[in-house]
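**Student:** Please see the structure below; I have some questions.
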Amino acid sequence: MPEPAPYFEALRQHLAAEYNDAQVLDSYTYHLKRTLAEVIKDGKLNTKKVDEYDIIYKNGSPLRKLVSKNGKPLNAKGAEEQKYEPVRRQPNSPDAIIQANRVAEDLLRVMNLKLVRREMVGNRPAIVVEFSPRTNAKPLTTRGKELFNRIEGNAWVDETDHVVSRIVFRYLEGSGGNPMIKADKGGDVTQEWLKFRDEVWLPAYSERHSTLRFFFGKRISVLARDEYSEYKKFVSETTIKVIE
C-alpha cells in the first residue's frame, strides 16, 4: 500500500466541503436526470417522479431549465414557457471556507481512516479508504455531530490525482438535519465522479436512500437518484459559446 497521507487528506477535504462541486462546475453546461422512487416490498421501486433539466453553471451559480417530465419531453408550448431559473447555490464565502477547514479538522478527531485495497474505478486505479467513527469521539462542529459520528463506508481515491472518484457510506444511526426527509439507520449514499476530457473531475452519479416523513405520522422509504451527462464547456462574453 502507498503512503496513506495524501489519500486521507483527499477524503478529509472531500467530506468537509459537503460535496460542493460549484467550483469545478463553473463554466459548464450539462444534463441532469433526477429520479424519485418509493422503495416497496422486497426492495422493488415504484417510480414517482422523473424530471430532466438542462443546466448552465455560470459565475458560481447554477441555472436550470426543465426539458422532460416522467420520460416525456415537454411539448412545444411547454418548452417555450421554460426559462433558465437560478438554483440554490452552495456557500463559497471566506467564512464558509474557514468553516470547511474546521470541519476537516473535526473529521480527523472523529473518524478512523484505513487504506484497505487497490481497485479500478472505470479505467483508473484507485486506493480504497475505509472510514468509521471512533468510539466515544466528540465532534466539535455541526457537520461532525450530524454526520461524521453516524456513518461508516469506503471512499475510492484516484491514485494519480488524489481526488475522491467514488464514495459509499451507510448510516449507523439516523441522520440529523431536515426532519422531513432524512436517512434512518441503514440508509446509504453512493456518489461517483468522472474525469472529463482528462482535465477536471465532474459529478457522474449519486443515489441516496432516505425516509420521507409526513406530519400525520406516515413514513415511506425513498430512493433519490441524480444522473449527469452531456457535459460541455463554454466561454462567456456577451453570449455563450459552447466548446465541444
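The values are calculated or read from the model by the stated rules, or taken from the named source; none is laboratory data. Quantities reported herein were computed from a predicted structural model and do not represent experimental measurements. Note that each Cβ is placed from the backbone with ideal geometry, even for glycine, and that neighbours are counted across all protein chains shown.
**Student:** Could you please tell me which pairs satisfy a Cβ distance under 9 Å, a separation of 6+ or placement on different chains, a first residue in the stretch 61-85 that is assigned by TED's automatic domain parsing to the domain that holds THR29 and over 17 Å from TYR28 (Cα atoms), and a second residue that is loosely packed, with under 11 Cβ neighbours inside 10 Å and not polar (S, T, N, Q)?
**Tutor:** From the stretch 61-85, the pairs are LEU74/GLU80; LEU74/GLU81.
**Student:** Can ASN70 be described as surrounded by fewer than 17 Cβ atoms within 10 Å (Cβ to Cβ), closer than 23 Å to HIS162 by Cα and at pLDDT 85 or above?
**Tutor:** no
**Student:** Looking at the stretch 108-124 only, could you name the residues that are under 13 Å from SER165 (Cβ atoms) and in contact with a Lys or Arg (Cβ under 6 Å, 6 or more places away or on another chain)?
**Tutor:** Matches in the stretch 108-124: VAL121 only.
**Student:** Can you go through GLU146, GLU130 and tell me which one is surrounded by 12 or more Cβ atoms within 10 Å (Cβ to Cβ), in a strand (DSSP E or B) and either modelled with pLDDT of 85 or more or assigned by TED's automatic domain parsing to the domain that holds ASP188 (or both)?
**Tutor:** On the way: GLU146 fails: in a strand (DSSP E or B).
GLU130 is the lone residue from the list that is surrounded by 12 or more Cβ atoms within 10 Å (Cβ to Cβ), in a strand (DSSP E or B) and either modelled with pLDDT of 85 or more or assigned by TED's automatic domain parsing to the domain that holds ASP188 (or both).
**Student:** Condition test on PRO125, is it loosely packed, with under 15 Cβ neighbours inside 10 Å, at pLDDT below 75 and not in a helix (DSSP H, G or I)?
**Tutor:** Values: loosely packed, with under 15 Cβ neighbours inside 10 Å: yes; at pLDDT below 75: no; not in a helix (DSSP H, G or I): yes.
The answer is no for PRO125.
**Student:** Further question on the same structure: Taking ARG12 as the residue in question, decide whether it is at negative phi, touching a helix residue (DSSP H, G or I) at 6+ places or on another chain (Cβ under 7 Å) and either at pLDDT below 85 or surrounded by 13 or more Cβ atoms within 10 Å (Cβ to Cβ) (or both).
**Tutor:** yes
**Student:** Within the stretch 78-96, track down each residue that is part of a helix (DSSP H, G or I) and either at pLDDT 85 or above or surrounded by 12 or more Cβ atoms within 10 Å (Cβ to Cβ) (or both).
**Tutor:** Hits for the stretch 78-96 are GLY78, ALA79, ALA96.
**Student:** What are the residues in the stretch 100-122 that are part of a helix (DSSP H, G or I), farther than 20 Å from ARG170 by Cα and not polar (S, T, N, Q), if any? Steps first, please.
**Tutor:** The initial filter retains those residues of the stretch 100-122 that are part of a helix (DSSP H, G or I), namely 100-110.
Right, trim to farther than 20 Å from ARG170 by Cα and you get 100-102, 105.
Within the stretch 100-122, ALA100, ARG102, GLU105 qualify.
**Student:** Which one is modelled with the lowest pLDDT, of the residues in the stretch 22-46 that are polar (S, T, N, Q) and either within 21 Å of the chain's Cα centre (by Cα) or part of a helix (DSSP H, G or I) (or both)? Reasoning before the result, please.
**Tutor:** Filtering the stretch 22-46 for residues polar (S, T, N, Q) gives 23, 27, 29, 35, 46.
Narrowing further to those that are either within 21 Å of the chain's Cα centre (by Cα) or part of a helix (DSSP H, G or I) (or both): 23, 27, 29, 35.
Working: GLN23: 66, SER27: 79, THR29: 88, THR35: 94.
Filtering first and then ranking leaves GLN23.
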